[in-house]
2 protein chains.
Amino acid sequence: MTLALSTDAQNLLFRDARTANTFTDEPVGDEQVRAIYDLVKYAPTAMNQQPLRIVLVRTPEARERLVGLMAPGNRAKTAAAPLVAILAADLDFHEELPRLFPHAAGAKDMFSADEAKRAQSARFNATLQVAYFILGVRAAGLAAGPMSGFDADGIDKEFFDGDHTVLAVVNIGKPGENAWRDRLPRLTYDEVVTTV
Amino acid sequence: MTLALSTDAQNLLFRDARTANTFTDEPVGDEQVRAIYDLVKYAPTAMNQQPLRIVLVRTPEARERLVGLMAPGNRAKTAAAPLVAILAADLDFHEELPRLFPHAAGAKDMFSADEAKRAQSARFNATLQVAYFILGVRAAGLAAGPMSGFDADGIDKEFFDGDHTVLAVVNIGKPGENAWRDRLPRLTYDEVVTTV
């Protein structure tokens, strides 16, 4: 079975791409992030919710605030990466639904009335978009270093107004020296897939 | 700014690909799902957790049970799709960590001791893998119809033993007639990305 996706693209996005822990000094410009977003924005979310919001941490002062909220093992690489992005879910995404999902008149009201359902949907769909974004970074010829180890409440408080919740922090750049360890094992098809 | 990913691959995965609501009768074989998994298994999860589990619903009896648990608007297309996959998070993923993340001796015990943290990590990382899987379906030249509208507790009870939680149900096949409506609007870069 051959995939429709070219081998080069398979390698760029999945097979050769690796999570990077070190980076070169080459900067990552806004135009690169624009190109990534302009690609991954098309990938699907439920009811076209698009709850992902991205904060690019560019000033030394903001970088320092963020590094202090990362788990100890993530601090040095977050301090050194050419670009760091905070990926968060907008818990008020439903405000945009009349424009984003116009044929379902009641969608916004349904989420207004149920805060728990809204938060769950924001998290789920923004997490899909985190994955799309990671592959988008690779599509731009860059390496991503996504991280889950941080003080989430602290980041929400420092960088948002209570209406967003952080899902991941991603270092972005060209991979540096010893950027990754050997690839870790993957579960086999038969361990993951069952048929009923 | 040009992406490293070829235009053909951009189109296949993001720009031309669409969520399908109808499919042709052409079957989707296990070898196609194997090829998809063999690609997307390489995409990253935190601590290499890989909590995604996939149930392929192939028997008419299992399909009927699933269709009855879908939201009304999702029933007809779930009944008609060539293949339906239930994508779930394995809440006991930590049992595999000594093998999947061998250099962190305490990882399994950390998750054993904290069920809430384990469930949150299972959901987050398996949701990343749902997104990788959707793009993998597209990489195989197929269309995906991911759905969030279903009775999640009912699916967990019917198809799992209490140690998994469903995240998405995905119809898979070649797109049929009127497979999708016009593309809905996307948020602009400036609505999504801010810089600090």
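The values are calculated or read from the model by the stated rules, or taken from the named source; none is laboratory data. Remember, it's a predicted structure, so these values are computed and weren't measured experimentally. So basically every Cβ, Gly included, is an ideal-geometry build from the backbone, and we count neighbours across all protein chains shown.
Does B:Lys117 qualify as being under 25 Å from A:Leu52 (Cβ atoms), basic (Lys, Arg) and within 12 Å of chain A (Cβ to nearest Cβ)?
On the way: under 25 Å from A:Leu52 (Cβ atoms): yes; basic (Lys, Arg): yes; within 12 Å of chain A (Cβ to nearest Cβ): yes.
Yes.
Of (1) over 17 Å from the mean Cα position of the chain (by Cα); (2) more than 30 Å from A:Ser148 (Cβ to Cβ), B:Gln32 satisfies all except one. Which?
Unmet for B:Gln32, out of (1) over 17 Å from the mean Cα position of the chain (by Cα); (2) more than 30 Å from A:Ser148 (Cβ to Cβ): (1).
Can you confirm whether segment A:45-54 contains a residue that is over 17 Å from A:Ala168 (Cα atoms), of a type in the set (A, V, I, L, M, F, W, C) and more than 16 Å from the chain's Cα centre (by Cα)? Talk me through it step by step, then tell me what you get.
To start, the set of residues in segment A:45-54 that are over 17 Å from A:Ala168 (Cα atoms) comprises A:45-49.
Cutting the leftovers down to of a type in the set (A, V, I, L, M, F, W, C) gives us A:46-47.
Narrowing the set further to residues that are more than 16 Å from the chain's Cα centre (by Cα) leaves A:46-47.
Yes, because at least one residue in segment A:45-54 is over 17 Å from A:Ala168 (Cα atoms), of a type in the set (A, V, I, L, M, F, W, C) and more than 16 Å from the chain's Cα centre (by Cα).
Does B:Leu100 qualify as being in contact (Cβ under 8 Å) with a residue 24 or more places away in the chain and at the interface with another protein chain (Cβ under 8 Å from one of its Cβ atoms)? Full working, then the answer.
Details: in contact (Cβ under 8 Å) with a residue 24 or more places away in the chain: yes; at the interface with another protein chain (Cβ under 8 Å from one of its Cβ atoms): yes.
So B:Leu100 passes the test.
So which strands (runs of 3 or more DSSP E) stay within segment B:141-196 end to end and still have 3 or more residues that are more than 11 Å from chain A (Cβ to nearest Cβ) and under 16 Å from the mean Cα position of the chain (by Cα)? Walk me through it before giving the result.
Numbers: elements: B:143-147, B:164-173, B:193-195.
Answer list for segment B:141-196: B:164-173.
Evaluate segment B:78-93: report whether one residue or more is at pLDDT 95 or above, out of contact with any His (no Cβ under 9 Å at 6 or more places or on another chain), in a loop (DSSP other than H, G, I, E, B) and more than 11 Å from every other protein chain (Cβ to nearest Cβ).
Yes, segment B:78-93 contains a residue that is at pLDDT 95 or above, out of contact with any His (no Cβ under 9 Å at 6 or more places or on another chain), in a loop (DSSP other than H, G, I, E, B) and more than 11 Å from every other protein chain (Cβ to nearest Cβ).
Across segment A:29-57, what is the number of residues that are in a loop (DSSP other than H, G, I, E, B) and touching a helix residue (DSSP H, G or I) at 6+ places or on another chain (Cβ under 9 Å)? Please lay out each step first, then the result.
Applying the first criterion (in a loop (DSSP other than H, G, I, E, B)) to segment A:29-57 yields A:29, A:41-45, A:49-51.
Within this subset, residues satisfying the condition of being touching a helix residue (DSSP H, G or I) at 6+ places or on another chain (Cβ under 9 Å) are A:41-45, A:49-51.
Here the count works out to 8.
In segment A:136-147, which residues are surrounded by fewer than 21 Cβ atoms within 10 Å (Cβ to Cβ) and touching a strand residue (DSSP E or B) at 6+ places or on another chain (Cβ under 7 Å)?
Once the filter is applied, which keeps residues that are surrounded by fewer than 21 Cβ atoms within 10 Å (Cβ to Cβ) and touching a strand residue (DSSP E or B) at 6+ places or on another chain (Cβ under 7 Å), segment A:136-147 yields only A:Met147.
Give segment A:1-59 a look and list any residue that's more than 7 Å from every other protein chain (Cβ to nearest Cβ) and among the hydroxyl-bearing types (Ser, Thr, Tyr), or say none.
Those that are more than 7 Å from every other protein chain (Cβ to nearest Cβ) and among the hydroxyl-bearing types (Ser, Thr, Tyr): A:Thr2, A:Thr7, A:Thr22, A:Thr24, A:Thr45.
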